[in-house]
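What follows is a single structure, written as structure tokens, with notes after it.
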Amino acid sequence: MDLTLPLYPASGLSGVAAKVGFRFGAKGTHTSRTMMLSELSAAFAAVPEQGSRTEFASAIIDGNCLGKTTGATRRLTNQRLSELYALDRDVPIFRVLRNLWSMDEPGRPLLALLCAIARDPLLAATAAPVVNLTPGSDLQRDRIAAGLREVVGDRLSDATIEKVIRNASSSWAQSGHLVGRTFKKRIQVRTTPATASFGLYLGYAAGFRGPQLFSSGWMRVLDCTPTSARDMAVEAKRIGLIDLRVSGEIIDLVLDRLDPLAKRS
């Protein structure tokens, strides 16, 4: 099985990534939580699309829009959701996520997953062992553990690594990549123009350019081949999500439509 999944180019990480909201390091939310798709959905339903970070905090903590039993749990949930998704329109990656969320209900699990991968290094470390599985294959926990150890070294105990594996497996099930309760199997997900646009946005921010935009790990998370990624990008252009011109190996991708507030880097 291929153990690689290029989320960042071999030439090095783009300086744009941190500016748009990527997070790096050897820590992550998946030591204690999953990608929290249901909580994110409920928070988005409770707060207007242009809502501020303060409004999200108020809805989650004071309004208890997520139905948590204690104030401490509400505050912790607010913190964990902000780690994964920012919940702040001053953070470009969140603005793009929120804008695409409103227009693509079927794609929401994949939109959330892409953002969570960009903001949780632990979840990102589990991507290759899951994405590279052949559809129908069983999840291999030892490969996920090995991927995590490459990122965290000895900083996490074996018990914590096991907890991360359980939480990450749940996240990949929430996104649609895995099915099954006790024994999880890989299934293929179906991308949409909106999720493909987000994948291109993240790939561009990570530093990919040219044809590599269609073959990066961000598009492979969506189960896109380079050919299907290009086709989906053309469809995204057709419906007005992105601007794209392709001439042989020359690819001119403009993502301003996804985030009109940001200037092109």
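The values are calculated or read from the model by the stated rules, or taken from the named source; none is laboratory data. Bear in mind that the values here come from a model prediction, so they are computed numbers and not experimental data. Neighbour counts run over all protein chains shown; Cβ positions are idealised from the backbone, glycine included. Please note that ligands, DNA and RNA were not included when accessible areas were found on the heavy atoms of the full protein model with its side chains. Shrake-Rupley method; radii C 1.70, N 1.55, O 1.52, S 1.80 Å.
Observations
- Accessible-area composition of the chain, carbon plus sulfur, in percent [1.4 Å probe]: 51 percent
- Convex hull projection area averaged over all views, segment 127-190, Cα basis, nm²: 4.1 nm²
- Of the GluC sites (Glu not before Pro) found in segment 23-116, the ones in coil according to DSSP and having at most 14 other Cβ atoms within 10 Å of their Cβ are Glu49.
- Subset of Lys27/Lys237; Lys27/Lys185; Lys19/Lys184 violating a 30 Å alpha-carbon distance limit: Lys27/Lys237; Lys19/Lys184
- Probe 1.4 Å, protein heavy atoms only - accessible area per residue of the chain in square angstrom: 45 Å²
- Calculated FRET efficiency, Phe24 to Arg141, Cβ-Cβ distance, R0 = 25 Å: about 0.50 to the nearest 0.05.
- Test item: Cα-centred dipole of the chain, Lys/Arg +1 and Asp/Glu -1 on Cβ, debye: 320 debye
- Positive-end residue, the chain charge dipole about Cα centroid, Cβ charges, pick of Leu7, Tyr201, Phe24: Phe24
- Relative contact order (%) - criterion: Cα under 8 Å, at least six apart; region: the chain: 24 percent
- Largest GNM mean-square fluctuation across Val189, Val246, Val152, computed for the chain with C-alpha springs under 10 Å, falls on Val246.
- Gaussian network model of the chain, springs between alpha carbon atoms under 10 Å - residue of Leu13, Leu200, Leu40 with greatest fluctuation: Leu13
- For segment 131-245, the relative contact order works out to 24 percent when only alpha carbon pairs closer than 8 Å and six or more residues apart are counted.
- Candidate aspartates and glutamates for bridging to Lys163, where Cα separation is under 14 Å - those fewer than 8 sequence places away on the same chain excluded: Asp142
- Two numbers describe the Cα atoms of the chain: Rg and Dmax, which are 17.8, 58 Å.
- Between Ser41, Ser197, Ser175, the Gaussian network model of the chain with springs among Cα atoms under 10 angstrom shows the greatest mean-square fluctuation at Ser41.
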